[in-house]
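What follows is a single structure, written as structure tokens, with notes after it.
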Amino acid sequence: MTTSSNTNSTSPFNRKAQHDAKRIAILSEAARLFNSKGSRATTLQDVARGLGLTKTSLYYYVRTKEELIFQCYEVTMQRQHTIMDALDKAEMSPLERAGKFFKSQFEGWLSAQTGDDVHIAAPLEIASLKPTHRSAIESEYIRMFKRLRRYLREAGESGEVRALETTSATRAIIGATDWVFHWLHQLERADVPGAADAAWDIILHGLAAPHGEYQATPLEISTDTDRPAQGFDREEQHRQKQEAFYKAGTWFFNRKGFNGASLDEIAEHLNVSKGAFYYHIRNKEDLLFACYMRSIAIVQRIDALAMRAQGTGLQKLDETARRVFHAQNSDLGPLIRYNTITALPTPRRKEILSATEDADSRFDTFIGEGKLDRSIRDVNPLLARRLMTGAINASMDISLWRAIDNIDEAAIEYFDIFYNGLLPREPSRENTQ
């Protein structure tokens, strides 16, 4: 008995192959829209329209948007582990595996833009998934994290990389690539491979000028909280109430996402009546927008401190990053995680991103100063800034990944990879004379 060739996986009569191909196309289009518009602004109708389908046809593959988001994130994690599976089989060193994985994040984005591969959704809104879906994605994310950390630990054991805190370094590397889908559009497509190489070169060698290791100076950071408003100072009382609302809102948005956060739950957490809460906060979107504006204002104050400070460009860059880290991981914070940015409508999102871009441009100033005073080697300022701001956003809740006894020491260990790199540092010239 012979088997018809029409039963093979490429046959137009193979129903499973057709079903799988359509599902892949749906998830790719959804990922493209989620990355560009955000999941909240994207509807199932948008996905169907982009593929020339009816909404009814789309329901055959996915019933709800939450299910669609979950399936997109499943594909994202499967893709990451497939890459690592291939790297584990290849004949290369642990450090080479880490580098290949890092650069694959750039390559994947480029392949999707050129049509050579599918779009992969950035897993920004894991917190908004229902518990079973969230647990499944978080489990795969943690497994990916541990695999990358193993590369670094094995590289350290073999002498490929210098001694460093591998959990912090791994978190920083992953965070540095979280937002490539957002900013790589600023480059010409032909320049993306070179940008991937240059970005990995920063991870390998750090920003600090060669010869010697950059040693961070401990920071004195005030932990004073707002004092109670005196007497009948109603304006100050109102300000403090709003500050409490924004801090609580940021905490809930960071942990539960936009969809998972509830205004009633936030009011209950603050032990205020719903009426009193809604007197100050009209709706959840307004609260999220206010949380972003508050975080940007905090970062702007930190930037201003660094601009007035004495020291090299690298010292100012380091001080700014560590002060933001402290604000994120202490009672002074939290700051909003940009994972929820896609929940805002386009006009407000553009306003937030414009203000953030303006604040982040201080990094370009510090890098420029560092090049002039020779504390920073010749690097691409845009790449350096994008890597560091991505890592800063990912440093939120670092205590979930490692024990924290001293926040400033944890910040020094976290950002060390950006200043001194993974590779062993050359001895300082003073020590060689």
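The values are calculated or read from the model by the stated rules, or taken from the named source; none is laboratory data. Quick caveat, the model's predicted, so the values are computed rather than measured. Glycine gets a Cβ as well: all are built from the backbone with ideal geometry, and neighbour counts include every protein chain shown. SASA here: full protein model, heavy atoms, side chains in, ligands and nucleic acids out. Shrake-Rupley method; radii C 1.70, N 1.55, O 1.52, S 1.80 Å.
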For this session: Check whether at least one residue in segment 15-37 is at pLDDT below 90 and assigned to a loop (DSSP other than H, G, I, E, B), and report yes or no.
Result: no
For this session: Of all residues in segment 302-315, count the ones that are on the phi < 0 side of the Ramachandran plot and either open to solvent by 20 Å² or more (accessible area, probe 1.4 Å) or not in a helix (DSSP H, G or I) (or both).
Result: 8
Seminar exercise, completed: Note: among VAL192, VAL161, just one is modelled with pLDDT of 95 or more, among the aliphatic types (A, V, I, L, M) and assigned to a loop (DSSP other than H, G, I, E, B), namely VAL161
Problem set entry | Considering residues of segment 124-139 that are out of contact with any Leu (no Cβ under 9 Å at 6 or more places or on another chain) and under 13 Å from GLN71 (Cα atoms) only, the residue surrounded by the fewest Cβ atoms within 10 Å (Cβ to Cβ) | THR132
For this session: List the number of the failed condition for TYR278; all other conditions in (1) at pLDDT below 95; (2) over 24 Å from LEU129 (Cα atoms); (3) open to solvent by less than 10 Å² (accessible area, probe 1.4 Å) hold.
Result: (3)
Exercise. Given PHE366, PHE289, which one is part of a helix (DSSP H, G or I), under 27 Å from SER36 (Cβ atoms) and of a type in the set (A, V, I, L, M, F, W, C)?
Worked result: PHE289
Problem set entry | From GLU96, GLU91, residue being under 18 Å from LEU152 (Cβ atoms) and free of Cβ contacts under 8 Å to residues at least 12 places away in the same chain | GLU96
For this session: Hey, could you check segment 282-301 for residues that are in contact (Cβ under 8 Å) with a residue 60 or more places away in the chain and not charged (D, E, K, R) and say which is farthest from PHE258 (Cα to Cα)?
Result: VAL299
Exercise. Looking only at segment 326-338, which residues are within 18 Å of the chain's Cα centre (by Cα) and open to solvent by 30 Å² or more (accessible area, probe 1.4 Å)?
Worked result: ASN329, ARG337, TYR338
Problem set entry | Residues of segment 350-395 satisfying the condition of being under 20 Å from CYS291 (Cα atoms) and touching a Leu at 6+ places or on another chain (Cβ under 7 Å) | ILE352
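Test of understanding: among ILE174, ILE137, which residue is β-branched (Val, Ile, Thr), more than 28 Å from ASN420 (Cα to Cα), part of a helix (DSSP H, G or I) and within 19 Å of the chain's Cα centre (by Cα)?
Working: ILE174 fails: more than 28 Å from ASN420 (Cα to Cα).
Exactly one residue qualifies, and that residue is ILE137.
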Exercise. How many residues are open to solvent by 20 Å² or more (accessible area, probe 1.4 Å) and hydroxyl-bearing (Ser, Thr, Tyr) when one looks only at segment 29-46?
Worked result: 2
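Sort out which residues of segment 373-402 are part of a loop (DSSP other than H, G, I, E, B) and among the small types (Gly, Ala, Ser), and write them in order of number.
Listed by number, the residues that qualify are SER375, SER395.
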